[in-house]
Amino acid sequence: MTDDCELLGCTADELDTPYLHLDLNVMEANIRAIAAACRERGVAWRPHAKGHKSAVIARAETAAGALGATCAKLGEAEVLAAGGVRDLLIANLIVGPHKVRRLVELRKNADPIVTVDHIDQAAPIGRAMHAAGLSVRTIIEVDIGLNRVGNPPGPGTIELARRIAATPGLTFAGIMGYEGHLLTIADPQEKAEKIHAALERLVEVGRRLVEAGLPCPIVSCAGTGSYLISITHPGITEVQAGGAIFMDAFYRKKCQVPDLGYALTIPVTVVSRPTPERAIIDAGRKTLNVEVETPLVLGRDDITVKRLSAEHGELELAPSAQGLKIGDRLSLVPGYADLTVVLHDKFHCFRDGRLEGVWPIEARGMLQ
C-alpha cells in the first residue's frame, strides 16, 4: 500500500476508488455560512461531531466561532478533548460506573456538559465528581415531541433541576430538546410552524426555571435539518447542527436545506456494463449508507443509484448516460453522511483539486 504522505499533491483521479473525498474549500465555506447565520441571530453554535468524529474538523469549527462541540458518546468527547477541544456537550445519557469514572477523568482535562433526564443518572455522577473535588455542568433533556428520551415539559423538569442544583458535584446549566421528528415535513410553512411550536415548549420550560430561581443559561436544540428555523426562535441560546458542514442527499432532498455545498463525496469506478440501462460500480453498502436516503450521482441527473449490495452498486442510466464505459469514474453524494463516514478510516482532503492532507477519523468506533 502507498504511504499517505507519498500521495500529497496528487489529483482525485490518482487515488484508487472508493474513498472519502473531502473538499476543504467547500467544507470551510459551509462552516463560515453556518457560523454567520447563527451569529446574525445572536445564537451560539455548538456543532455535533457525531458526523465527522474528527478533532481536526472540530478545531476548524471552533476557529470559525463555534463554542465547542456536541458529542453523541463519551468516547467521542474523550477523543476531541485529547485533540484540544475543551467545551463539549455530551448529548447522551451517561450511565454505569465505568463511564462515570471516565467522565471524572475527562473533567480533569476539559469542561464537558452532561445530559440527564432522571436523578438516577445525575446522582452517581455528582457523587463521583464531588469525591474528586470537581463539578460538572449538567443539563436536562426535555422531550418536545421526539418521544425518545427526555423529561416531559412541566413540573417534573423543574423538580429535577432543583435536585441537580442541590447535588454536590453538579452545576445546573440549562436544558436541551430535539425537534428531530419534524425535519422532513414537506410543506415549508407547516414545518416552520410545528418546529416553532415544539421549541416554544422548550423555551417555556426555561422561563419557568428562571421564575423558580434556577438560572437557565443554556437552551439548546436543532440539527441540520431545522437549524435555519430554530435560530429564529426567541429564547434559543444555541444550536447543535453538525452535518451541514458536509451536506448530503438527506439534508438537501428530505430536509430542504439550501445554499450549502456538497463537501463530502465518494469517487467510484464503473466496473461492469451488463446492459445499456445498467452500470455497476465498486461501492456498495460497506462504502455508503442507504437506509436514510439514497446517494446521488454528483452532477448527473441522468444517472440514478438503483440498488446497493455489500460491495456492488447498481446504477440506472437514462439514454443520455448510456455511453458510460467500464473504467469511467463518478462521484457519489452520500445519502446520509453521518452513517457513511463511520464506514471509513480516513478523509482524503483536497484543496483546489489537489490532495492536501489525509485525516484519520479519530473517533470512529468510539461507541461507549
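Annotations
- Residues located in the stretch 13-34, provided they are surrounded by fewer than 19 Cβ atoms within 10 Å (Cβ to Cβ) and either touching a strand residue (DSSP E or B) at 6+ places or on another chain (Cβ under 7 Å) or under 16 Å from F246 (Cβ atoms) (or both): D13, L15, L24, N25, E28, A29, R32, A33
- Odd one out for E76, checked against (1) within 22 Å of F172 (Cβ to Cβ); (2) touching a Lys or Arg at 6+ places or on another chain (Cβ under 7 Å): (1)
- Scanning the stretch 81-103 finds one or more residues that are within 23 Å of T237 (Cβ to Cβ), in a helix (DSSP H, G or I) and touching a helix residue (DSSP H, G or I) at 6+ places or on another chain (Cβ under 9 Å).
- Qualifying residue in the stretch 304-314 (condition: within 27 Å of H52 (Cα to Cα), hydrophobic (A, V, I, L, M, F, W, C) and outside any loop (DSSP other than H, G, I, E, B)): yes
- Scanning the stretch 276-295 for residues that are buried (at least 21 other Cβ atoms within 10 Å of the Cβ) and closer than 19 Å to K325 by Cα gives A279, I281, A283.
- Subset of the stretch 48-67 that is more than 12 Å from the chain's Cα centre (by Cα) and in contact (Cβ under 8 Å) with a residue 40 or more places away in the chain - its residue that is most open to solvent (accessible area, probe 1.4 Å): L67
- Within the stretch 158-175, restricting attention to residues that are in contact with a Leu (Cβ under 8 Å, 6 or more places away or on another chain) and among the β-branched types (V, I, T), the residue that is farthest from A198 (Cα to Cα) is I164.
- Candidate set from the stretch 142-178 (those that are β-branched (V, I, T) and surrounded by fewer than 19 Cβ atoms within 10 Å (Cβ to Cβ)); member that is nearest to A128 (Cα to Cα): T171
- Only residues that are open to solvent by 10 Å² or more (accessible area, probe 1.4 Å), out of contact with any helix residue (DSSP H, G or I) (no Cβ under 8 Å at 6 or more places or on another chain) and not in a strand (DSSP E or B) were counted in the stretch 315-363, giving 15.
The values are calculated or read from the model by the stated rules, or taken from the named source; none is laboratory data. Values in this document were obtained by computation on a predicted structure and should not be read as measured data. Glycine also receives a Cβ, built like all others from the backbone with ideal geometry; neighbour counts cover every protein chain displayed. Each accessible area value is taken on the protein alone, full model and side chains, heavy atoms only, with ligands, DNA and RNA left out. Shrake-Rupley method; radii C 1.70, N 1.55, O 1.52, S 1.80 Å.
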